[in-house]
Amino acid sequence: MRISIVGITGYSGMELLRILLQHPQVEVVSLHASRDMEAPVSELYLHLKGICSLKIEAFDSQEIMRRADLVFFATSSGVDKDLSKDFVEAGFPVIDLSGDHRLSGNIYKKWYQKEPAEDYVQKEFIYGLSEFTDVRGKRFIANPGCYATATELALIPLLQAQAIELDSIIVDAKSGLTGAG
């Protein structure tokens with residue numbers, strides 16, 4: 001499967017690239033940032049020297065769809081909601097690591113203090129952990145964030161085993177300065 005990554009310069013984009021480069025059935029065909037950086041990713045991130053020499057390109061949805069089979073968005077929240085429109089309209093598969101398709105309408109606006117994705121775009125996305133949500137055949141997947149993932153991975157098996165009561169759950173999560181990993 002040929003993969004493009006949009007938002008390569010952040011923590012999530014870099015980790016995604018690291019994981020995908022090790023996958024035997026994946027070929028990363030393009031890396032994208034908000035602007036064309038005209039340099040191989042290995043010149044900006046020295047730990048990738050000899051591992052990945054793809055250039056970081058400016059975002060171009062049509063070019064991504066021409067070259068890839070699937071696009072990952074690892075952008076900051078508020079970016080993907082607009083960039084993903086072309087892909088949704090074309091029926092081109094998207095996996096969103098940002099927060100843009102996790103919540104809709106006023107709930108998104110409340111938590112992210114930004115305008116949400118348009119309803120017709122938002123309605124196409126399924127939210128959930130692939131370990132517990134059937135995403136087979138889905139073209140548009142919104143991944144939970146780090147806090148939700150850690151919480152869900154811990155609680156879902158307990159709930160499935162009926163080992164805890166819903167009204168007894170308290171999650172107290174802490175992060176470092178940035179919350180980025």
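The values are calculated or read from the model by the stated rules, or taken from the named source; none is laboratory data. Model, not experiment: these values are computed from the prediction. Using ideal geometry, Cβ is built from the backbone for each residue, glycine included, and neighbour counts are taken over all protein chains shown. Just so you know, the surface numbers come from the protein's heavy atoms only, side chains and all, with ligands and any DNA or RNA stripped out. Shrake-Rupley method; radii C 1.70, N 1.55, O 1.52, S 1.80 Å.
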Could you state the angle between the C-alpha long axis of helix 146-160 and the longest principal axis of the C-alpha atoms of the chain, as a value from 0 to 90 degrees rounded to the nearest 10?
40
In the chain, taking the dipole from +1 charges on Lys and Arg beta carbons and -1 charges on Asp and Glu beta carbons about the Cα centre, the listed residue (Leu159, His47, Ser12) farthest towards the positive end is His47
Expressed as an acute angle from 0 to 90° and rounded to the nearest 10, what is the orientation of the C-alpha long axis of helix 11-21 relative to the principal long axis of the chain?
70
Where does the chain land on the Kirkwood hydrodynamic radius, alpha-carbon pairs, in angstrom?
17.6
Please count, across region 1-145, the pairs of lysine residues with Cα atoms under 20 Å apart that sit 8 or more places apart or on different chains.
13
Summing +1 for each Lys or Arg and -1 for each Asp or Glu, what net charge is found among the other residues whose Cβ lies under 12 Å from the Cβ of Gln62?
-2
Pop out the carbon and sulfur fraction of the accessible area of the chain as a percent, whole number, probe 1.4 Å.
52
For the chain, what is the calculated [θ] at 222 nm in deg cm²/dmol (nearest 500), taking -39500 (n - 2.57) for each run of four or more DSSP H residues and dividing by its residue count?
-8500 deg cm²/dmol
Write down the accessible area per residue of region 1-152 in Å², having rolled a 1.4 Å probe over the full set of protein chains.
54
